[in-house]
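The values are calculated or read from the model by the stated rules, or taken from the named source; none is laboratory data. Given the structure is predicted, the values throughout are model-derived calculations rather than measurements. Cβ atoms come from the backbone with ideal geometry, glycine included; neighbour counts cover every protein chain shown.
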Amino acid sequence: MAKDEKSSKIYSAFALVSALSAAMVAKKTLETAWRTATGKNPPANPADPDVQLWEAVMWAAASGTVVQISRMLAARKAAGYYVKSTGKLPPELQGDSQDASKASPATT
């Protein structure tokens, strides 16, 4: 196994574990904040018709946003460690161009 291939596998495992850990911590923190703010547990299933619509929408928006941002930050941190140890981006991120002129045309 080549060094780059081994580093890539280690990065992938590290990124996955850190993203999942960050998501769990974020969810627990958000659940505690929800209980503090509302005096109730967060909805177990926001699609349940017995859950008030405002509560379902707020929980879905807050939990989705907080969990995804924490996962993204953990993945960025893992990529930063990879760059420090190898001097380049992980292979999974090397092709991520933000240049709009190179974007595929939108299909409708």
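Kindly indicate whether ALA22 is touching a residue at least 24 places away in the same chain (Cβ under 8 Å), closer than 30 Å to PRO90 by Cβ, not hydroxyl-bearing (Ser, Thr, Tyr) and not in a loop (DSSP other than H, G, I, E, B).
yes
May I ask you to list the residues in segment 29-60 that are small (Gly, Ala, Ser) and in a helix (DSSP H, G or I)?
Selection gives ALA33, ALA37, ALA56, ALA60.
Would you check if PRO91 is modelled with pLDDT under 85 and under 20 Å from PHE14 (Cα atoms)?
Considered against the rule, which asks whether it is modelled with pLDDT under 85 and under 20 Å from PHE14 (Cα atoms), PRO91 comes out as yes.
State all residues of segment 55-82 that are more than 8 Å from the chain's Cα centre (by Cα) and of a type in the set (A, V, I, L, M, F, W, C); if no residue qualifies, say none.
ALA56, VAL57, MET58, TRP59, ALA60, ALA61, ALA62, VAL66, ALA78, ALA79
Considering only residues of segment 30-57 that are of a type in the set (A, V, I, L, M, F, W, C), in contact with a helix residue (DSSP H, G or I) (Cβ under 9 Å, 6 or more places away or on another chain) and free of Cβ contacts under 8 Å to residues at least 24 places away in the same chain, which is nearest to LEU20 (Cα to Cα)?
Residue satisfying both the conditions and the ranking: ALA33.
Return the pairs, sorted by first residue and then second, in which the second residue is surrounded by 10 or more Cβ atoms within 10 Å (Cβ to Cβ) and modelled with pLDDT under 80, the first residue lies in segment 86-102 and is within 11 Å of SER7 (Cβ to Cβ) and of a type in the set (Val, Ile, Thr), the beta carbons are less than 9 Å apart, and the residues are 6+ apart or on different chains.
Close Cβ pairs satisfying both conditions: THR86/ASP4; THR86/SER7.
Specify which of the listed residues (SER70, SER85, SER8, SER97) is surrounded by 15 or more Cβ atoms within 10 Å (Cβ to Cβ) and modelled with pLDDT under 90.
SER8
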